[in-house]
């Protein structure tokens, strides 16, 4: 009854009995009061504590209803059997409800944040809205990990692959992207991050707002600040290995791992820029060698590319773009522009070799 599980006929029978017996009505009212008190104010950590509490409730029910039973003893004599059964049923409902709530208290009272993952397979892209209102576009073959509530002092995500973030500004709760040994810290901004596991570099391109980038291995905690329409390129080869080198080699290694900040062409529309071409369903090459281009093609078309000789890998200066082309049409176009031959097997594997 108290848990809302009684049928209409059972509820009507109960109301009829209660209207004919004042003592029974008082006992029922007592049980309702105890039930509500338990629901509103009491938390128990284990079944032992809950059992003790139930025993106390039963004792209180017996004491508080004793006088009422004596006054109406004659009046309820003919209902004794029904009353006994009904009282037992009510108590069972209270106890069952108590244990049900106790066993599920963690999901009601202690609601832990759920770790979420957004995954895009090769050949697919997606757009998602996070709990704080931030919009995230994920490129092909990417993963984004985060906690769904964002109720802490920071909003943090972890990225594998490529994503474009349009972050809702919350001055007291910075948004932090963790990827490939760096942390990108922002408040409200729009930026692109490219960091596939097989890439040699991490690229952060800023379109609006400000970002600070911190490398994990920088013990001094120096942040690189990026301004709009600039791209930061960081090598994934951390300088932590240079401690094993000589001083001259260490300086050379440090120089090769230095961050590079370069402007992007802000005269072009966002849809025409190479850094965000993928958001507009366009795959672009600008100066890639064939090995680099092959990685992009594999993710874009969800295929596997095998090189039958090393010579074709070193073909440099690939320039072009694909939008609606199939993988066969894309390779046919590449064959027209570069000295290669290819063979597609079962629509998913492509053998590529030099034609020279």
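Say we look at the stretch 217-231 and pick out the residues that are modelled with pLDDT of 85 or more and assigned to a loop (DSSP other than H, G, I, E, B); which of these is surrounded by the most Cβ atoms within 10 Å (Cβ to Cβ)? Talk me through it step by step, then tell me what you get.
Restricting attention to the stretch 217-231, the residues satisfying the condition of being modelled with pLDDT of 85 or more are 223-231.
Filter again for assigned to a loop (DSSP other than H, G, I, E, B), leaving 227-229.
Working: 227: 11, 228: 17, 229: 15.
Per the stated criteria, the residue is 228.
Could you identify the single residue in 168, 186 that is touching a strand residue (DSSP E or B) at 6+ places or on another chain (Cβ under 9 Å) and under 19 Å from residue 214 (Cβ atoms)? Full working, then the answer.
Details: 168 fails: under 19 Å from residue 214 (Cβ atoms).
On inspection, the qualifying residue turns out to be 186.
What tally of residues in the stretch 133-161 results from selecting those that are on the phi < 0 side of the Ramachandran plot and touching a helix residue (DSSP H, G or I) at 6+ places or on another chain (Cβ under 7 Å)?
Counting residues in the stretch 133-161 that are on the phi < 0 side of the Ramachandran plot and touching a helix residue (DSSP H, G or I) at 6+ places or on another chain (Cβ under 7 Å) gives 3.
So how many residues does the stretch 249-269 have that are closer than 26 Å to residue 128 by Cβ and either modelled with pLDDT under 85 or touching a strand residue (DSSP E or B) at 6+ places or on another chain (Cβ under 7 Å) (or both)? Give the steps one after another, and end with the answer.
Here is the first cut: in the stretch 249-269, the residues closer than 26 Å to residue 128 by Cβ are 264, 269.
Those left that are additionally either modelled with pLDDT under 85 or touching a strand residue (DSSP E or B) at 6+ places or on another chain (Cβ under 7 Å) (or both): 264.
Of the residues in that region, 1 qualify.
Is it the case that some residue within the stretch 93-113 is surrounded by fewer than 16 Cβ atoms within 10 Å (Cβ to Cβ), within 30 Å of residue 199 (Cα to Cα), at pLDDT below 95 and touching a strand residue (DSSP E or B) at 6+ places or on another chain (Cβ under 9 Å)?
No, the stretch 93-113 contains no residue that is surrounded by fewer than 16 Cβ atoms within 10 Å (Cβ to Cβ), within 30 Å of residue 199 (Cα to Cα), at pLDDT below 95 and touching a strand residue (DSSP E or B) at 6+ places or on another chain (Cβ under 9 Å).
So which of 291, 325, 298, 336 ends up being outside the structural domain of residue 122 (by TED's automatic domain parsing), more than 16 Å from residue 198 (Cβ to Cβ) and assigned to a helix (DSSP H, G or I)?
Only one candidate qualifies: 336.
Yes or no: the stretch 301-309 includes at least one residue that is buried (at least 18 other Cβ atoms within 10 Å of the Cβ), modelled with pLDDT of 95 or more, outside any loop (DSSP other than H, G, I, E, B) and in contact with a strand residue (DSSP E or B) (Cβ under 6 Å, 6 or more places away or on another chain).
Yes, the stretch 301-309 contains at least one residue that is buried (at least 18 other Cβ atoms within 10 Å of the Cβ), modelled with pLDDT of 95 or more, outside any loop (DSSP other than H, G, I, E, B) and in contact with a strand residue (DSSP E or B) (Cβ under 6 Å, 6 or more places away or on another chain).
Quick test of your reading of the structure: residue 234 fulfils all but one of (1) in a strand (DSSP E or B); (2) closer than 24 Å to residue 170 by Cα. Name the failing condition by number.
Evaluating residue 234 over (1) in a strand (DSSP E or B); (2) closer than 24 Å to residue 170 by Cα leaves (2) as the failure.
Take the residues in the stretch 191-206 that are in contact with a helix residue (DSSP H, G or I) (Cβ under 7 Å, 6 or more places away or on another chain) and assigned to a strand (DSSP E or B); name whichever of them is nearest to residue 162 (Cα to Cα).
Let us first name the residues in the stretch 191-206 that are in contact with a helix residue (DSSP H, G or I) (Cβ under 7 Å, 6 or more places away or on another chain), namely 192, 198, 205.
Next, only the ones that are assigned to a strand (DSSP E or B) stay: 192, 205.
Numbers: 192: 7, 205: 11 Å.
My answer is 192.
Under 9 Å between Cβ atoms, which residue pairs at least 6 apart in sequence (or on different chains) link something in the stretch 225-242 that is assigned by TED's automatic domain parsing to the domain that holds residue 212 with a partner that is part of a helix (DSSP H, G or I) and at pLDDT 90 or above?
As it stands, the answer is 231/275, since those pairs meet every condition given.
The values are calculated or read from the model by the stated rules, or taken from the named source; none is laboratory data. Only a predicted model underlies this, so the values are computations on that prediction, with no experimental measurement involved. A quick note on method: Cβ atoms are made from the backbone with ideal geometry, for glycine too, and the neighbour counts reach across all protein chains shown.
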